[in-house]
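Okay, structure first, notes after.
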Amino acid sequence: MPKGSPQLTASRKDEIMGACEKLYRRKSFKEITLQDISKETSFTRTSIYNYYETKEEIFLELFEREYDMWTGDIEKLTGKCERPGRENLAAELAGSLEKRKLLLKLLSVNLYDMEENSRMERLVNFKTAYGNSRKALWKLMRKCYPDIKEYEIKDFMKTFLPYLHGIYPYVYATDKQIEAMDRVGIEHEKTTIKELAYMGLMKMLP
């Protein structure tokens with residue numbers, strides 16, 4: 001890490017992640033290179049290596065930031081949860097996911113490659129952010145369902161968290177995927193993140 005104020009380091013990293021996010025709106029994870037990212041920043045590719053060793057580390061920290069924001073959303077729901085009922089809780093959680101489109105898109109990427117090409121300290125930071133989201137969900141369930149059993153929360157987590165990985169690719173099928181489905185007679189049903197998340201939550205929540 002180069003010498004400099006924590007504020008400068010944070011500002012540089014935010015600029016790099018912002019460039020990465022901008023590219024990710026129009027390119028796939030595999031297509032994006034460090035050279036592409038550097039062209040979207042005010043400094044060179046060599047300078048990026050002062051903060052990240054690989055593009056996967058940039059994506060992983062972007063991922064971490066998304067989890068942190070979702071954790072904040074869940075904590076806000078917990079603060080106002082007064083036994084809202086399954087439909088209300090499903091709607092609130094689905095709404096929190098609708099705000100986290102980037103998180104859901106990142107969840108559709110091959111995490112094995114992303115994590116394998118990142119240093120352990122980066123991976124630990126990411127897992128900490130992910131773990132905080134799990135803890136926030138656990139507390140939300142406890143608050144909204146005071147009489148819930150531990151195994152019921154575990155069962156919910158085991159179904160809900162993996163379900164998140166499939167939401168983005170189901171809602172945002174590519175033109176090529178849609179054409180292939182059309183050719184074999186598979187209907188592509190249009191839906192939204194909020195609608196798909198709500199439908200799943202209504203089946204998974206106790």
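Computed from the coordinates by the stated procedures, all read-outs in this text should not be read as laboratory data. Fair warning: this is a prediction, and the values are worked out from it, not measured in the lab. With ideal geometry, Cβ positions are generated from the backbone for all residues, glycine too; neighbour counts draw on all protein chains shown.
Using the average count of surrounding beta-carbon atoms within 10 Å as a protection proxy, the listed peptides 74-80, 98-104 rank, highest first, as 98-104, 74-80. The C-alpha atoms of the chain define a longest principal axis, and helix 120-144 lies at about 20 degrees to it. Between helix 55-79 and the chain there is an angle of about 30 degrees, using the helix long axis and the longest principal axis of the Cα atoms.
The angle between the Cα long axis of helix 193-204 and the longest principal axis of the Cα atoms of the chain comes to about 50 degrees, rounded to the nearest 10.
Using 0.36 nm per residue and subtracting the Cα-Cα separation, the extra length available between Gln35 and Val124 on full extension is 29.4 nm. Roughly speaking, what is the centre-to-centre gap between region 12-76 and region 86-164 when only Cα atoms are used, to the nearest Å? Between the Cα centres of region 12-76 and region 86-164 lies a distance of 21 Å. Over the C-alpha trace of region 1-51, radius of gyration and Dmax come out as 11.2, 34 angstrom.
What the Cβ-Cβ distance of Met181 and Thr9 gives, at R0 = 45 Å and to the nearest 0.05, is a FRET efficiency of 0.45. Within the set (i) 157; (ii) 125; (iii) 137, the number that volume of the Cα convex hull per residue in Å³ takes when calculated for this structure is listed as (iii). The longest part of the chain holding none of the exposed loop chymotrypsin sites (Phe, Trp or Tyr not before Pro), meaning those outside H, G, I, E and B in DSSP with at most 15 other Cβ atoms within 10 Å, is 50-171. Considering only alpha-carbon pairs that sit under 8 angstrom and 6 or more positions apart, the relative contact order computed for region 14-82 is 32 percent.
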